[in-house]
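Pasting a structure below so you can have a look.
The values are calculated or read from the model by the stated rules, or taken from the named source; none is laboratory data. The model shown is predicted, which means the values in this text are computed figures rather than measured ones. Quick reminder, even Gly has a Cβ in these numbers, built from the backbone with ideal geometry, and neighbours come from all protein chains shown.
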Amino acid sequence: MTVHENNQHENASILLIYTGGTIGMMENPENGVLEPLNFQHLKDNVPELKKMGYAVSSIQFEPPIDSSEMGPENWQKLVRIIAGNYQQYDGFVILHGTDTMSFTASALSFMLENLGKPVILTGSQLPIGILRTDGKENLITAIEIAAAKENGHPLVPEVCIFFENNLLRGNRTNKVSADNFNAFRSYNYPPLAHVGIHIKYDLPQIFHPISDKPLNPHYSLDRNIAILKLFPGMSPQVIESILNIPGLKGVVMETYGSGNAPCEEWFLDMLKEAIDKGLVIVNVTQCIAGAVEMQRYETGHKLLEIGVISGYDSTTESAVTKLMFLFGHGMSAEEVKEHMNYSLIGEITVPENARL
């Protein structure tokens with residue numbers, strides 16, 4: 001593995017976007033509930049920001065929101081902020097609650113076409129004002145990564161999540177722990193950097209734009225997407241109720257193992273009927289690591305035969321936001337299927353022998 005240590009950060013300008021989340025919260029003395037506060041509270045608790053030597057400006061969501069409230073409107077707002085300030089800054093750091101951070105990172109990776117600068121999402125498991133907080137180190141390191149350059153060019157020009165010791169491609173991540181400081185993993189793609197005494201970048205793994213095209217921000221998303229998680233004993237009524245949601249266009253179906261599902265006739269008939277009517281059903285695995293291989297077992301092959309498409313090694317978060325993005329741009333079901341079958345921005349690994 002090629003590893004590069006980088007120390008070029010001089011004169012970097014960073015825009016810090018505070019959306020809310022645990023990192024900027026304080027405990028309400030009346031009921032003990034954590035509530036989001038303003039950015040000034042966060043700056044007061046991180047005096048190191050003034051010592052870093054970068055030009056750090058900030059924008060705050062008003063009011064700050066918990067990440068459980070995040071959705072397409074907030075993603076659009078973030079894209080507008082980044083696009084509107086793109087020329088003025090070398091990198092962007094988004095402070096975000098952990099619960100939906102992987103969804104936001106995935107969505108932004110598709111919405112910021114031709115991105116050539118770092119967009120680093122981070123947050124914390126403990127509020128910044130608590131003595132043992134992980135937020136201070138996450139924030140400082142995220143800024144340093146966003147400022148990192150080599151020969152005048154950004155070192156990590158993609159949407160990432162930085163948490164504890166690892167820099168991860170955003171659209172490859174899952175939140176895996178509600179309690180541990182190391183709350184995020186990228187099981188199907190290696191970290192882009194490891195952080196210890198030095199920040200060690202794994203350069204071959206970092207996505208770089210092929211050309212110097214200008215940033216092309218996208219804002220259109222279609223929310224007519226659903227997740228269907230299979231479990232033993234599912235009734236036909238449950239499947240039917242989901243597949244017949246009015247206006248539904250895409251379904252991310254979480255199957256077993258390498259993409260397997262029941263072979264009962266009623267189940268396959270329901271799926272085929274929905275697909276024949278134009279519904280796009282994407283098969284992703286419930287496992288935390290690995291990929292869908294529908295040719296591997298008979299059960300998966302039957303799904304392939306009726307028109308279910310492979311999500312390969314996609315996370316659920318990435319598959320959901322990718323469908324929102326593609327349908328949001330007015331694509332037909334067939335066009336969406338085609339685009340789901342290849343990687344737009346490094347979100348999946350497609351085998352050479354893959355087929356629809």
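In segment 343-356, what residues are over 17 Å from the mean Cα position of the chain (by Cα) and not polar (S, T, N, Q)?
VAL350, PRO351, GLU352, ALA354, ARG355, LEU356
Please find, within segment 147-184, the residue that is surrounded by the fewest Cβ atoms within 10 Å (Cβ to Cβ) out of those that are touching a helix residue (DSSP H, G or I) at 6+ places or on another chain (Cβ under 9 Å) and among the charged types (D, E, K, R).
The qualifying residue surrounded by the fewest Cβ atoms within 10 Å (Cβ to Cβ) is GLU150.
For the subset of segment 144-160 comprising residues that are of a type in the set (A, V, I, L, M) and out of contact with any His (no Cβ under 9 Å at 6 or more places or on another chain), which member is farthest from GLY196 (Cα to Cα)?
The residue in question is VAL159.
Cβ-Cβ under 6 Å, sequence separation 6+ or interchain: first residue in segment 159-173 and in contact (Cβ under 8 Å) with a residue 12 or more places away in the chain, partner among the hydrophobic types (A, V, I, L, M, F, W, C) and assigned to a loop (DSSP other than H, G, I, E, B). Which pairs?
Close Cβ pairs (under 6 Å, with a partner that is among the hydrophobic types (A, V, I, L, M, F, W, C) and assigned to a loop (DSSP other than H, G, I, E, B)) amount to PHE163/ALA183; GLU164/PHE181; LEU167/LEU192.
Restricting to segment 72-105, give me the number of residues that are at pLDDT below 95 and either part of a strand (DSSP E or B) or not small (Gly, Ala, Ser) (or both).
4
For residues in segment 305-341 being within 17 Å of the chain's Cα centre (by Cα) and assigned to a loop (DSSP other than H, G, I, E, B), which is surrounded by the fewest Cβ atoms within 10 Å (Cβ to Cβ)? Spell out how you get there, then give the answer.
Filtering segment 305-341 for residues within 17 Å of the chain's Cα centre (by Cα) gives 311-326, 340.
Imposing the further condition that a residue be assigned to a loop (DSSP other than H, G, I, E, B) reduces the set to 311-315.
Numbers: GLY311: 29, TYR312: 25, ASP313: 22, SER314: 27, THR315: 26.
So the residue we want is ASP313.
Let's see how each residue does on (1) more than 25 Å from the chain's Cα centre (by Cα); (2) in contact (Cβ under 8 Å) with a residue 60 or more places away in the chain; (3) in a loop (DSSP other than H, G, I, E, B):
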residue	(1), (2), (3)
PHE207	no, yes, yes
ILE210	no, no, yes
PRO214	no, yes, yes
MET234	yes, no, yes
GLN237	yes, no, no
SER258	no, no, yes
LEU271	yes, no, no
ALA274	yes, no, no
ILE288	no, yes, yes
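So, of the residues in segment 177-205 that are at pLDDT 95 or above and in a loop (DSSP other than H, G, I, E, B), which turns out to be nearest to ASN85 (Cα to Cα)?
This residue is LEU192.
Within segment 73-105, how many residues are in contact with a Phe, Trp or Tyr (Cβ under 9 Å, 6 or more places away or on another chain), among the polar types (S, T, N, Q) and within 25 Å of ALA226 (Cβ to Cβ)?
So the count comes out to 5.
Also, quick follow-up: Going by the structure shown, is GLU48 of a type in the set (Asp, Glu), surrounded by fewer than 15 Cβ atoms within 10 Å (Cβ to Cβ) and at pLDDT 95 or above?
Values: of a type in the set (Asp, Glu): yes; surrounded by fewer than 15 Cβ atoms within 10 Å (Cβ to Cβ): yes; at pLDDT 95 or above: no.
So GLU48 fails the test.
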